[in-house]
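Quick notes on the structure that follows.
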Amino acid sequence: MRYVSQHPRKVRGEAVHQTISEKKADDQLRKTEHLEDDSEIRVRIRSPVNMDCSYELLAEEKKRKAIEEAYLMPEVSHFIRTPEVQEIENRMKLWLQADYPVHLIGPTGCGKTSLATHVAKELGRPVVWINGDESITTTDLIGGYSQIQNESVRDNYIHNVFKSRDVMKIEWVDNPLSLACKYGYTLIYNEFSRTKPAANNILLSVFEEGILELPTKFGEERYIKVHPDFKAILTSNSIEYAGIHRPQDALLDRMVGIYADYYGQKTEAQIVVEHTGISSLQADRIVSVVRFLRDKLPDAEKPGTRACIMIAKALKLQEDSGFNGNSNINFEQLCIDVIANKTCSPKDMMEKKMLVLESIANTA
């Protein structure tokens, strides 16, 4: 009788009498062939804009594009470049090219965010974005494990063959800081000082040693060497604003601080015209009233350039569409409505109303 070294029966393409080493070799070969034939690799991306934490199966070559789409940032529109704006922009670009993070500090509504996004786009690299607040943790910056999944397979294809396999899948999700460090993106950290200082300690080694440490990972994957094209722009309100944390001195020593105050009247009026299409004469009047109020109110209550744009949009709407017919809201009331948000009592509201009347009279 001819001796047959291997039984001809097959179980899902595998010989019954394969040795363990042969099975391992075949498994490795199939994995390699699968990666060559199928370019789709699981990449999990969490979008801070879409907080339902949905994930997608994406091809590796589409990974970076998906990252750029997932971490959306505000679009810069109607950006005005006057000599005053250009001077700050040039300083920011100089420090960023010298590989220093730039910290833009200034009052609410002075144009910090618009300037940061404009300069980031000018650098010609993809941009990722994060907003700071009290609830931000280190994980929100660097990422973490999204899930640990156990998978069990029981194969009873043939009655006398029992095959068992347990697989553990661990999925890591990158967040804005780790993405920017890996791929050399520009990170915009808006409202940086509203995050508790402990969460921002991770930035110390990034800015100084060029190393990002991922505390929850192990081995070589625990450390990311910061890409040479990585840049960071951070924005903050002045320390006297409510909800502001003073960043640790060690972190402030590793970045350049640029104080961005309100622009001059001419620049502000140009911004208002560009954003709303209102006439230069009306824009100048609005800016004059707001600047008068700015001089009279405490720092945390000063109306910014955004307030000018809001008033101008309301006026423009009434002009173009005949809103409310003959019952148009007067200029005085529009100004009061815009600054009323930072009012704490009826008495305070009355004082602000008197200031508005005074500012209109003085700028007439």
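The values are calculated or read from the model by the stated rules, or taken from the named source; none is laboratory data. Worth saying up front: this structure is predicted, and the values here are computed from it rather than measured. Please note: Cβ atoms are built from the backbone with ideal geometry, for glycine as well, and neighbour counts cover all protein chains shown.
For this structure, a couple of remarks:
- Segment 202-213 residues that are farther than 14 Å from Leu141 by Cα, paired with ones that are among the hydroxyl-bearing types (Ser, Thr, Tyr) (beta carbon under 7 Å, 6 or more apart): Ile211/Ser205; Ile211/Tyr223
- Of all residues making up segment 128-148, the number that are assigned to a strand (DSSP E or B) and modelled with pLDDT of 85 or more: 4
Per-residue answers, yes or no, for (1) touching a Gly at 6+ places or on another chain (Cβ under 8 Å); (2) among the basic types (Lys, Arg); (3) crowded, with 21+ Cβ neighbours inside 10 Å:
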| site | (1), (2), (3) |
| --- | --- |
| Glu268 | no, no, yes |
| Thr276 | no, no, yes |
| Ser279 | no, no, no |
| Val289 | no, no, yes |
| Phe292 | no, no, no |
| Leu297 | no, no, no |
| Ala307 | yes, no, yes |
| Lys313 | no, yes, no |
| Lys316 | yes, yes, no |
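- Cβ separations smaller than 7 Å between residues 6+ apart or across chains give the following pairs from segment 99-116 residues that are buried (at least 22 other Cβ atoms within 10 Å of the Cβ) and assigned to a helix (DSSP H, G or I) to residues that are modelled with pLDDT of 90 or more and of a type in the set (Asp, Glu): Leu115/Glu89.
- Of everything in segment 292-337 that is aromatic (Phe, Trp, Tyr) and under 15 Å from Leu355 (Cβ atoms), the residue that is modelled with the highest pLDDT is Phe292.
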